[in-house]
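A.B. asks: First the structure, which I've put down as structure tokens, then a few questions once you've had a look.
Nothing in this text is a laboratory measurement; each read-out follows from the coordinates by a stated rule. What you are looking at is a predicted structure, and each value in this text was computed from that prediction instead of being measured. Don't worry about glycine lacking a Cβ; one is built from the backbone with ideal geometry, like all the others, and counts go over all protein chains shown.
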Amino acid sequence: MAGLRVDETRCIGCARCVRACAHGGIKVEHRLAHPTDACVFCGACIDACPVDAISIERDEAAADLSVYRDIWVFAQVDKGGAVLPVAFELLGRARALAAQRACAVVALLPQGPNGTGAPERELIACGADRVLTVHDARMVPLDAEMCAGWICGLAQQLKPEIILYGATAFGRELAPMVAVRLETGLTADCTRLEIDEATGLLQQTRPAFGGNLMATIECPARRPQMATVRPGVFAGDACACPVTVSDDAVKDKIVTCPLDASARPRVRVLATEPAQQGASIAQAKRLVVVGRGIGSKKHLPLMQRIARALDAELGCTRPLVEAGWLEYPHQVGQTGVSVAPELLVSIGVSGAIQHLAGISGAKTIIAINEDAQAPIFGIAHYQVVGDAIEIVNNLVRELESAAPRL
Amino acid sequence: MHIVVCVKAVPASTEVKMDPVTNTIVRDGGDAVVNPFDATALELALRLREKRRAAGEDTRISVLSMGIPATERLLRDCIARGATDALLLSDRAFAGADTLATTHALTCGIRELGMPDLVLCGKMAVDGDTAQIGPELAGALDMACVTDVRALVACEHDAVTVYAGGDAGVSLIEATLPCVLTVAKEAATLRMPSIAGVLAAEHAAVDVRGAAEVGADAARIGLSGSPTQVVRSFVPEQQAAGVEVSGDTTAQAKQLVRIIEEVA
């Protein structure tokens, strides 16, 4: 039976495990640690134990994983048929992982019946060794169930070691549908992906515990290993100078794989109102992000003013959305929008991990906060410690007087 | 019509604090609450039932959860707010479940309740943020699926119409029944329980079942049924310090103007 084991010969009853546990899952009695019924097997106690007395016993039989090869990247297209930037970010990351594993990178490209061939060429130019595609009317608009069926069929046949998805709204619906059909693991919103060269084990790191801890997750006994990654997280990995590819060179790299003829979409899109704000902060070149440190809702107009003066969009942290100061599309972070602007001015933001994960793609971060110990300063390129409102007031004055008004 | 609403007990505060000296988690307890997204899902179910009742049709709303025995209190509260019945899957064998193992357990629970026309869940849980359970349930139950539902427009005998968020914006979507819907928090706010509801809930039976009683496959639930494992949890390291912009607030503002001009 699987469970948490304490090696009685090693345990010294120091209770570090008890302090490390967020769930009350372990207690010390008679100078010996005992797991309780509240244990959720998160492994925090294992890391905290100074004498390696704790382990998790699992009873899964080892499967033959050696037949699984290659890294697949799901390439989502937009309404116009163009591949979303997150696919290129993942291709870049996949290339680095594939180099360590000496395997191929394969892009999955479901698209409508009237493909131009441009997305395939672009994916190959940016690092895909092969593109598996399908041209089918049932993929317009993209249907998660149709895509999942298509990917599962291919995965059962070709046995990839890893499949990566952008954590777009669609990717977050698609990936779990694939995971449950293939009965494999899926890690959401990874901020780091590394691979063990020898075993091919993918180390998937994501924020956990409300964002104060990072957790590294592995999927040792099932394949494919699957992860979603927010757009912008691997912005630095995207191929900067795509190679030029001729039509002849790409021809043998593109494989068209038909969708099961009997598959019928069960979801119909009747009408769509285009997104407004959400898209604009995700793609903003300049962004002002405000947090609880601005003190009061009455300071919001000042924040809007500094955003205007900088020609920037306005974003905020989760507590501000929860307090109703700004709408959800403004929320920056793991549960909101991941951003990757050239310049991010962070005002009164302390910097919970989930927020930091959402801004890690920003090129330059200027943080203004009263608390010199705030975690935001750990990733800021410029640190401004002081009264946020006063500094912003001065900054607005400087900017508005210095720059000629447009 | 039969609707199953899946709910998860989450900590009242998701702000887990770290002790800066020992680098360990400070547990400040706090009662468990129904995941706010799931509470919205229940409210949408209740509103749908009212609409159908006006048309003279019956609707059964079952709430389903997998959790520790204390979760029974939360399910009773769901009954006080209008749910018809409740099933709690509680067993040590369920502990340590990742989303795949949770999906198997909930699937068994749903079969136990009787196959519904609609399964509603929150878009995600505030303590896990994975947003995987809804689409995984749809896959396991072979149902249609719509995620990030903002409003329920209509529900006929064979189809449901909703407004839902997606990458291209908010869409009006029609899906075939049976269907799994995952619900955005802003879609509605769960009503308070009525006095009659509270009194009725006091005597209502919350069905509590173990893994074997719902026919769950021991190899597909809990720790054993979870393909993913947390191998390490750690406090993220701080990166190298950035440039400090010092002086009084006027001097700081002046320097910032220069920095902004330089970098962008």
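A.B. asks: Step by step: find N for chain B, compute 2.2 N^0.38 Å, then divide the Cα radius of gyration by it. What's the final number? Before the final figure, lay out the partial values.
C.D. replies: On the way: Rg = 22.4 Å, N = 264, 2.2 N^0.38 = 18.3 Å.
After normalising by residue count via 2.2 N^0.38 Å, the value is 1.23.
A.B. asks: Right, here's the next one. Distance between Cα centroids, segment A:204-249 to segment B:138-177: provide it in whole Å.
C.D. replies: Taking the Cα centre of each part, segment A:204-249 and segment B:138-177 sit 29 Å apart.
A.B. asks: Something else now. What lysines sit close enough to A:LYS363 to cross-link, taking a C-alpha to C-alpha distance under 27 Å and skipping anything fewer than 8 places away on the same chain?
C.D. replies: Straight-line reach from A:LYS363, under 27 Å: A:LYS285, B:LYS254.
A.B. asks: On to the next question. Over chain A, consider all pairs of different Cα atoms and compute the Kirkwood hydrodynamic radius from their mean reciprocal separation; express it in Å, one decimal. Don't skip to the answer; put the middle values down first.
C.D. replies: Details: mean 1/r = 0.0422 Å⁻¹.
23.7 Å is the Kirkwood radius here.
A.B. asks: Given +1 on the Cβ of Lys and Arg, -1 on the Cβ of Asp and Glu, and no further charges, what dipole in debye does chain B carry about its Cα centre, rounded to the nearest 20? Mind dumping the intermediate values first?
C.D. replies: On the way: 23 positive and 35 negative charges, 85 e Å.
Dipole size: approximately 400 debye.
A.B. asks: Kirkwood hydrodynamic radius, computed over distinct alpha-carbon pairs, for segment A:24-147: how many Å, to one decimal?
C.D. replies: So the Kirkwood estimate lands at 18.4 Å.
A.B. asks: Classify segment B:116-230: rounded, prolate or oblate, from the alpha-carbon gyration tensor (a ≥ b ≥ c, eigenvalue square roots; a/c under 1.5 rounded; otherwise prolate if a/b is larger than b/c)?
C.D. replies: Taking the square roots of the gyration eigenvalues as a ≥ b ≥ c, segment B:116-230 is oblate.
A.B. asks: Rounding to the nearest 20 debye, state how big the charge dipole of the protein assembly as shown is about its Cα centre with +1 on each Lys and Arg Cβ and -1 on each Asp and Glu Cβ.
C.D. replies: Rounded to the nearest 20 debye, it is 640 debye.
A.B. asks: With a/c under 1.5 counting as rounded, go ahead and sort segment A:124-232 into rounded, prolate or oblate using the C-alpha gyration tensor (a ≥ b ≥ c being the square roots of the eigenvalues; past the cut-off, prolate if a/b is larger than b/c, else oblate).
C.D. replies: Verdict is prolate for segment A:124-232.
A.B. asks: Moving on. Could you work out the helix-only [θ] at 222 nm for the protein assembly as shown, with each DSSP H run of four or more residues adding -39,500 (n - 2.57) and the total divided by the number of residues, to the nearest 500 deg cm²/dmol?
C.D. replies: -8500 deg cm²/dmol
A.B. asks: Run a plain Debye calculation on segment A:30-80 (Cα atoms as equal point scatterers, no solvent) and give log10 I(q)/I(0) at q = 0.22, 0.30, 0.31 Å⁻¹, rounded to two decimals, same order as the q list.
C.D. replies: Rounded to two decimals, the profile gives -0.95, -1.27, -1.30.
A.B. asks: How far is the Cα center of segment A:141-166 from the Cα center of segment A:115-140, in Å?
C.D. replies: Centre-to-centre distance over Cα atoms comes out at 14 Å.
A.B. asks: Give the long-range amide H neighbours of B:VAL170: residues separated by 5 or more places, or on another chain, with amide H under 5 Å away, using H modelled in the peptide plane at 1.01 Å from N.
C.D. replies: A:GLU273, A:ALA275
A.B. asks: Whole-Hz Karplus ³J(HN,Hα) for segment B:175-187, in order, using 6.51 cos²θ - 1.76 cosθ + 1.60 and θ = phi - 60°, x for Gly and Pro?
C.D. replies: 10, 6, 7, x, 8, 9, 10, 10, 10, 6, 5, 6, 5
A.B. asks: I would also like to ask the following. Among A:ARG318, A:ARG93, A:ARG292, whose mean-square fluctuation peaks in a Gaussian network model of chain A (Cα, cutoff 10 Å)?
C.D. replies: The residue that fluctuates most here is A:ARG292.
A.B. asks: Moving on to the next point. Using the 10 angstrom Cβ neighbour count as an exposure proxy, how do A:MET139, A:MET177 rank, fewest first?
C.D. replies: A:MET139, A:MET177
A.B. asks: On a C-alpha basis, how far is the centre of segment B:191-225 from the centre of segment A:339-359 in Å? Whole number, if you could?
C.D. replies: So the two Cα centres are separated by 40 Å.
A.B. asks: Okay, moving on. Residue by residue through segment A:347-360, what is 3J(HN,Hα) from phi via Karplus (6.51 cos²θ - 1.76 cosθ + 1.60, θ = phi - 60°)? Round to whole Hz and write x for glycine and proline.
C.D. replies: Here the 3J(HN,Hα) series is 10, x, 9, 7, x, 4, 4, 5, 6, 4, 4, x, 10, 5 Hz.
A.B. asks: Can I ask one more? On C-alpha positions alone, give me the angle between the axis of helix B:249-263 and the longest principal axis of chain B, in degrees, nearest 10.
C.D. replies: 80
A.B. asks: Quick one: B:ASP38, A:ASP143, A:ASP136, A:ASP52, fewest Cβ neighbours within 10 Å first, how do they rank?
C.D. replies: Values: B:ASP38 32, A:ASP143 25, A:ASP136 19, A:ASP52 10.
Ranking B:ASP38, A:ASP143, A:ASP136, A:ASP52 by Cβ neighbours within 10 Å, fewest first, gives A:ASP52, A:ASP136, A:ASP143, B:ASP38.
A.B. asks: How long are the three semi-axes of the equivalent ellipsoid for segment A:3-57, computed from the Cα gyration tensor as the root of 5 times each eigenvalue, in whole Å, largest first?
C.D. replies: Those come to 14, 11, 10 Å.
A.B. asks: Can you tell me the mean projection area, over all orientations, of the convex hull of segment A:281-405's alpha carbons? Units nm², please.
C.D. replies: On the way: hull surface 27.0 nm².
It is 6.7 nm².
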